[in-house]
Amino acid sequence: KVQEDLNKQLLDNLVSFLSRAHSEFQEKTTEWTCRMKFREIPTAALVLGVNVTDHDLTFRSLSDFLQNNITPYIALLEAKDCPGIKNLMQKLMGQLMNCYVDVDSLEDEDYVYVSQNRIRCSMSSLIKWYESVTKKTDSETPSKKRTSSSTHWQSPPVVVIFKDMESFTTKVLQDFIVISSQHIHELPLVLIFGIATSPMIIHRLLPHSVSSLLCIELFQSLSCKDHLSTIIDKLLLTTQFPFKLGGKVLQVLINIFLYHDFSVQNFIKGFQLCIVEHFYSQPLSVLCCQLVDLQKRINSLSHDQCENIRRLPSFRRYVEEQESGKQIALLTTDNFLKEETQKLLEDLHVYHENYVSVLRCLHVFTSSLPKYPLGKQIRELHCACLENQVWETEEYESSLQLARMLNKSDLVTMLQQCVEILLSSSGKEFDKTVERLKKFLTQFQSLEAEAFQEQDVSVSSQKELQKKTDLYHLQKTLLELKESRRSKKLTKFEMLRFEVVDFIDSLVRKYLVPADHRTLHEILYFNTAAVLRGHLNAAPRTALHTALNNPHWYLKNQALKCDGGSISNKAPDICIVYKLHLECGRLINLVDWLEAFSTVVMAGEEPKADMASSDQMDDIIHARFIRAVSELELLGFIKPSKQKTDHVARLTWGGC
């Protein structure tokens, strides 16, 4: 839903572009006739940014929107499916005609099958199909036509979307554009180029003779940073969802976003992983719910769950602060504990409501300051408030100093925004705060009237000064003015500005206390950043070493448990071979390696008396060894050696 809201402006602009191109084709206006003469194809260059993983969702929503409102003829093409112009035409016609294209026959045949009819993949076939489809639609009765395609335009355009334009080969694009431009007067074709880098890529991929056949209009999507800020605003800075992310966890997700992929979809997947991990690992996550369901869930707590509450570090700190009688009741009586838990969790929900409102008010001030000491985006301010007491940081102090130099118009605007935020807040503690802010606004208005009077007084004093032509009186007056400037007191506006900033500072110190200072925050907040980092920051070599060196870690088979450097004969063959190779030097003798492998595998087994069965067992062990060594080579741990034919070279060294 958030994605659709963010892309609404972009979709509206694209619809406007399509409507202009379509109306010109339909009405055969002079502009379209001129464009026909020059064979220009209407083209939208859609710059989406480098967050490629988010493009699929954007194109899917764009395709659905166009199909539901404008045209049923949409084709989504990817470079991996279109290595040549023949493949491109097959994919294009297959999607437009909703027909089956046999992937195995793409290289051999140049046809598609529509209703068991064999149609050649060419632009002339596509034009004939389009004319037949639109003619059929036009010949329908008005009532039938209205029900079937009431949302589609008459003679709807054919929209071809190149999802990843940079990945298409130059020859494929050139051939398609040149062929399409020759038939633009017969087929209302519109191209949409999905661009991840820069619009200049069009001119780098296409020579001027081809790019001149395109009538290009540029469209820019919302930046991924703004997109992320909106997601955080809608998902985290809201009282709608009781589950919250701790400061370190949120910082891990934001760092992965900023330094790895700029992908909002991956950020949301990380957020979902946090939800799963929290509700899986936290036994008290049953209490992470809305206030409506809280009492019912607290009453259903078992004695073991009550003990889990007592073990929480924040609750233990809370108990230590209470008097002895209440401490005994909290630690021994489950019913009293449940009542106190409900009060504490209700206070935590109220804290969330107040925190979000005051955070938005603080962001109103900090986002308008030069150099943005606490960051321009609200997510940066949110992280700073979660990690520590923000009023103790140097960035906060510098923000206050800059706020004490704001002019009157900026201050009035900020105060008005704060009043709107607090009035729309669900918090019930802000009535007096709103009254105080309104009082500040009234005082600023009264200062304006006084400023006009002071201006009149200063003008009259200057006139009197000009009238005093006597040198003695003139010198005396100038000296008095100089002394008054030296011992200048703060003006009423400056004093009021200091009051406003100090009042905002008091709100910050009261309501923006870090969440980990609140009792029972562990129930609603996911704080184990190390677990999240282990899931998201891939360490393939460490995982491989753990799997091969200690298979019990993943397989959870008790038979695979072994002490220290011992090797179990129950382990998979590749694990045995891997552990044996760790004991070798740079070159490994395959014969010695096989002997060691055979010794480990045969350990604990009785020797076969029959010679034939013994030889058969040796062959089986030999085959198992060869397969395990081949797998180890495939994983990149060893390679054949040119120095000695019966040796392999070891490639990995050091611990993980």
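The values are calculated or read from the model by the stated rules, or taken from the named source; none is laboratory data. All values derive from a computational prediction rather than experimental measurement. A quick note on method: Cβ atoms are made from the backbone with ideal geometry, for glycine too, and the neighbour counts reach across all protein chains shown. Ligands, DNA and RNA are stripped out before the accessible areas are found, and what is left, the full protein with its side chains, is counted by its heavy atoms. Shrake-Rupley method; radii C 1.70, N 1.55, O 1.52, S 1.80 Å.
Quick look at the values:
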{"item": "Qualifying residue in region 526-534 (condition: out of contact with any Ser or Thr (no Cβ under 9 Å at 6 or more places or on another chain), in contact (Cβ under 8 Å) with a residue 60 or more places away in the chain and closer than 21 Å to L635 by Cβ)", "result": "no"}
{"item": "Selection count where residues are closer than 22 Å to R497 by Cβ, modelled with pLDDT of 70 or more, out of contact with any Cys (no Cβ under 8 Å at 6 or more places or on another chain) and of a type outside the set (K, R), scope region 431-477", "result": "12"}
{"item": "Filtered residues of region 167-187 (kept if open to solvent by 50 Å² or more (accessible area, probe 1.4 Å), among the charged types (D, E, K, R) and in a helix (DSSP H, G or I))", "result": "K171"}
{"item": "Qualifying positions in region 206-251 - among the basic types (K, R), at pLDDT below 90 and over 30 Å from T43 (Cα atoms)", "result": "K234"}
{"item": "Residues (under 14 Å from V358 (Cβ atoms) and either small (G, A, S) or open to solvent by less than 60 Å² (accessible area, probe 1.4 Å) (or both)) located in region 427-443", "result": "G427, F430, T433, V434, L437"}
{"item": "Meets criteria (under 30 Å from L18 (Cα atoms) and hydrophobic (A, V, I, L, M, F, W, C)) for F257", "result": "no"}
{"item": "Where a residue in region 181-197 is within 23 Å of L222 (Cα to Cα) and its partner, wherever it lies, is open to solvent by less than 10 Å² (accessible area, probe 1.4 Å) and assigned to a loop (DSSP other than H, G, I, E, B), with Cβ under 6 Å and at least six apart", "result": "V190/P157"}
{"item": "Test result for L291, more than 30 Å from V172 (Cα to Cα), more than 18 Å from the chain's Cα centre (by Cα) and touching a residue at least 12 places away in the same chain (Cβ under 8 Å)", "result": "yes"}
{"item": "Among the residues listed as R360, R317, the single one being touching a residue at least 24 places away in the same chain (Cβ under 8 Å), within 30 Å of A403 (Cα to Cα) and among the basic types (K, R)", "result": "R360"}
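Yes or no, residue by residue, for (1) in a helix (DSSP H, G or I); (2) among the β-branched types (V, I, T); (3) not assigned by the TED database to the domain that holds E522:
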site	(1), (2), (3)
Q322	no, no, no
V350	yes, yes, no
E353	yes, no, no
R360	yes, no, no
H363	yes, no, no
S368	no, no, no
